[in-house]
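The values are calculated or read from the model by the stated rules, or taken from the named source; none is laboratory data. The model shown is predicted, which means the values in this text are computed figures rather than measured ones. FYI the Cβ positions are ideal-geometry reconstructions off the backbone, even for glycines, and counts take in every protein chain you see.
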Amino acid sequence: MSDETTQRAADGGASSSGHGAGRSAGGARPAAGGRKFFRRKKVCKFCTEKIDAVSYRDVRLLQQFVAERGKIVPRRLTGVCTTHQRRLTRAIKQARNIALLPFAARY
């Protein structure tokens, strides 16, 4: 009995049955291999390639920033800077209005 209570105290009070079993208190832990995942900093494609104007006629370029469902992909996923994201959004909307890009995916 005393071994059981000292075991629980060492584990932080978590028992083998219950909601908190096997979980550590705190943030993320390293992956199974022990290595942390290194996420590369995303860089704006337009700034690196020095593209000043985002044209609504360049459908191949615009399709890279539109998801399969037809949604505009957000900045945090593409890595585009704020000014180019605004220009990109405007160009995608113009291309949709003149039917160069679809508004939504076909079902």
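Some notes on this structure:
- Picking from residues in region 8-55 that are over 25 Å from the mean Cα position of the chain (by Cα) and modelled with pLDDT of 85 or more, the one that is farthest from ALA91 (Cα to Cα) is ASP52.
- Every residue from region 50-89 that is charged (D, E, K, R), in contact (Cβ under 8 Å) with a residue 24 or more places away in the chain and either touching a Gly at 6+ places or on another chain (Cβ under 9 Å) or loosely packed, with under 13 Cβ neighbours inside 10 Å (or both): ARG57, GLU68, ARG69
- Candidate set: region 93-107, residues that are of a type in the set (A, V, I, L, M) and farther than 11 Å from SER55 by Cβ; chosen: the one surrounded by the most Cβ atoms within 10 Å (Cβ to Cβ): LEU101
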